[in-house]
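Trainee: Once you've had a glance at the structure underneath, I'll fire off some questions.
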Amino acid sequence: MASSTTNQEKTGVLGRVWEPLKALPKVLWEKVFDICKVTKEIAQGDPRRVIHSLKVGLAISLVSLFYYYQPLYENFGLSAMWAVMTVVVVFEYTVGATLGKGLNRTMATLVAGALGVGAHYLASLSGETGEPILIGFFVFLQAAIASFIRFLPKVKARYDYGMLIFILTFSLISVSGFRDDEVLEMAHKRLSTIFIGGSACVMISIFVCPVWAGEELHYLIADKLETLGDFLEAFVYEYFETSKEGDSKDNKSCLEGYKSVLNSKSSEESLANFAKWEPRHGKFKFRHPWDQYLKIGALSRQCACRMEALNGILNSENQGSQEILCTIKEVCSEMSLESGKALKELGRLIRTMTRPSSADTHVANSKAAMKSLKSLLQSSLWEETELLSLIPAVTVASLLIDIVDCTEKIVDSVNDLASLTNFNIVDIDKTTKTSSESSLSEYAELGPKTDNSHVVILVEESALALTHCGKSISDQHNIV
């Protein structure tokens, strides 16, 4: 009996061990399949990442010739490793980031190398007893001062990596020089190899499928404004109207877009910092006003904060009285739609770097609707209304008023950017006329037919087709 129990226990232990081993190939295959799937999605999402990886491999292969090619190895020796290390730490995704790191590393190595050689020379004059003391004092002094300078905001933003390399290079040359008399030759080789490695990174980054940080920031700001405009248009059709079944998913995706705007501060600041290092490229000059993009980004985040509150109300169970919503529906819809049009027009203006635009007109329309809303809220219609049923509608109205104010500030900032960068002035009369004629023709085809030839249909500007997440939706309340 005892032996049978022991056999059963052994069989159970072997079973528990065998089952995971048996399933191991399947689990490994699923892991490999998931990795391949993620890799494919990343490569298809932005093919430039694949090109960047190839560029890094090319740069490292080129500087590795200092080891493979004997004449070069004889000149630099083991110092050639600094060229490879420079490529690894300097080569970044954008041209600006690569230039910034390359120049920081080169200049820091040059200055620290010169100071390190000078410190070694001064210490050697004090004799064998005083030399290590002076070298230790110089290392402590430069490390303390450089570390404190790194806390300065401007230095932290643009030269932090350079200060770090400065501390490292000065310490290596000063300390190594205490045991090695050929300190000047060591500094020369280190500087030469770092310059070669940095030059290889910069040349390949600029001339082989470059990715410009300034261009990335430019289109990022344009995309953000268009995303905010999509939200405002989607909000109207979700909160005040019943969307069609085919538009529901599109509205949901548009209503989630503001989240990417809220989380974009760090990426904007990094791109602006890298863009300041870049030379002139395309329509972007060397001293392009990148800080103005940061100002527009900050205003867009303020606008996105209000949109987050609107989205919270949209998902809330307490939507308030339908009677109250019907009362403010027209003016709130006008404010939201006109502000959305203005933001999308600003995004188009930045993307194409052209002016003038109709954003000012849309803001004026939204402000007129805002005045009507304020007058409506201050009227005597709400005296006998229950407070709890009034709060949701008033909150929506207040948030839309704030969004109109934010939109006006964004328009002013974009106009300042257009003036600073001399956006191209285009004649939009013909384009506007053609767009209006096509919109009228489209409405005439879709509108109701009648036998009365004396009926005239007038379509105002706000009655033209709206672009709602890529779909055309007619705003019919302005049709007379």
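Trainee: Using the structure shown, list the pairs from 40/276; 344/371; 259/374; 224/252; 341/374 with a Cα-Cα distance above 27 Å, or answer none. Before the final figure, lay out each step's value.
Mentor: Numbers: 40/276 33 Å; 344/371 23 Å; 259/374 29 Å; 224/252 17 Å; 341/374 21 Å.
With Cα atoms farther than 27 Å apart: 40/276; 259/374.
Trainee: Taking the full set of protein chains and a 1.4 angstrom probe, give the accessible area of residue 94 in square angstrom, rounded to the nearest 10.
Mentor: Here the accessible area works out near 10 Å².
Trainee: With a 1.4 Å probe and all protein chains left in place, how much accessible area per residue does the stretch 96-184 have, in Å²? Write down the numbers at each step before the final one.
Mentor: On the way: 4960 Å² over 89 residues.
Normalised by residue count, the accessible surface of the stretch 96-184 is 56 Å².
Trainee: So, taking all protein chains as they sit and a 1.4 Å probe, how much accessible area belongs to residue 125, in Å² rounded to tens?
Mentor: 120
Trainee: What order do you get for 206-217, 32-43 when each peptide is scored by the mean count of other beta carbon atoms within 10 Å, highest first? Working shown, then result.
Mentor: Working: 206-217: 19.0, 32-43: 10.4.
Order by mean packing, descending: 206-217, 32-43.
Trainee: While we're here: For 29, 290, give me the order by solvent-accessible area with a 1.4 Å probe, most accessible first, ignoring ligands, DNA and RNA.
Mentor: Values: 29 175, 290 5 Å².
Ranking 29, 290 by accessible area, largest first, yields 29, 290.
Trainee: Rank these by accessible area, largest first, 1.4 Å probe: 323, 233. Before the final figure, lay out each step's value.
Mentor: Details: 323 140, 233 5 Å².
Ranking 323, 233 by accessible area, largest first, yields 323, 233.
Trainee: Not counting ligands, DNA or RNA, and with a 1.4 Å probe, what is residue 192's accessible surface area in Å² rounded to the nearest 10?
Mentor: Accessible area, nearest 10 Å²: 30 Å².
Trainee: Now for a separate question. How would you rank 411-417, 134-140, highest first, on the average number of other Cβ atoms within 10 Å across their residues?
Mentor: Put in order of decreasing packing, that is 411-417, 134-140.
The values are calculated or read from the model by the stated rules, or taken from the named source; none is laboratory data. These figures come from a predicted structure and were not determined experimentally. In this analysis, Cβ positions are derived from the backbone assuming ideal geometry, glycine residues included, and neighbour counts consider all displayed protein chains. These accessible areas exclude ligands, DNA and RNA; they are computed on the full protein's heavy atoms, side chains included. Shrake-Rupley method; radii C 1.70, N 1.55, O 1.52, S 1.80 Å.
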